[in-house]
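The values are calculated or read from the model by the stated rules, or taken from the named source; none is laboratory data. Source: prediction; values computed, not measured. We place every Cβ from the backbone using ideal geometry, glycine too, and count neighbours over all the protein chains shown. Surface areas here come from the heavy atoms of the whole protein model, side chains and all, with no ligands, DNA or RNA. Shrake-Rupley method; radii C 1.70, N 1.55, O 1.52, S 1.80 Å.
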Amino acid sequence: MRKLFFLFAFVCLFTLNSCGVYNFTGSGKIDAKTFQVNFFQNNAELIEPGIDRTFTLQLQDLIQNQTNLNLVKNGGDLVYEGEITDYRISPMTATADQKAAQNRLKIRINVRFTNKNKETDNFEKPFEFFYDYPADQQLTGSTLSAGLKEIFDRISQDIFNESLAKW
């Protein structure tokens, strides 16, 4: 019975032991307490009103939901800033009679990340993603909302992974 107890304790010890600090978001230990997301200005040639605010709020929400960092307006340990540099709609596939069958919305965002506590983590990098939709639909209403959600979800997750998760 005593050997069984030690065997059980040994198995529990190695099962519950981890390789390091881990949390459910996949980010490692974050050496910061606060973060700020500055307004991402829309500098694209083709302007869609409101996407700058939508993206800024999306990035703030993602970081708040996946970390225990506090959002501040200025003086944050982690600073995200940048601009929307490209907003483009282009035909992707054609039908037999040379009409577009599918269009693609592509958005590129240039991001500058600053970690005041660990300067080696700082970067400036563009992130982009796309959304394909049928050419017979206009990019308005629910089509635009779905496209922006998909693109901003992916870009903000990529920014999070690059800055905090180190993937």
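Applying the Karplus parametrisation 6.51 cos²θ - 1.76 cosθ + 1.60 with θ = phi - 60° to the phi angles of the stretch 159-164, what ³J(HN,Hα) value in whole Hz is obtained for each residue in order, glycine and proline being reported as x?
Calculated HN-Hα couplings, in order: 5, 4, 4, 5, 8, 10 Hz.
Could you work out what % of the accessible surface of the stretch 65-141 is carbon and sulfur, using a 1.4 angstrom probe and leaving DNA, RNA and ligands out of the count?
On the way: 2010 of 4610 Å².
That share works out to 44 percent.
Going by accessible area, probe 1.4 Å, with all protein chains left in place, what is the ranking of Arg154, Arg53, largest first? Could you put the intermediate results ahead of the total?
Values: Arg154 110, Arg53 150 Å².
The ranking, largest first, comes out as Arg53, Arg154.
Please report, in whole Å, how far the alpha carbons of the stretch 63-147 spread along each principal axis, starting with the longest.
Principal extents (Cα only, largest first): 59, 24, 18 Å.
Which value, in debye to the nearest 20, describes the size of the charge dipole of the stretch 27-167 about its Cα centre when Lys and Arg Cβ atoms bear +1, Asp and Glu Cβ atoms bear -1, and nothing else is charged?
Numbers: 16 positive and 20 negative charges, 58 e Å.
Roughly 280 debye for the stretch 27-167.
Taking the inverse of the average 1/r across all pairs of different Cα atoms in the stretch 20-167, what Kirkwood radius in Å do you get?
It is 16.5 Å.
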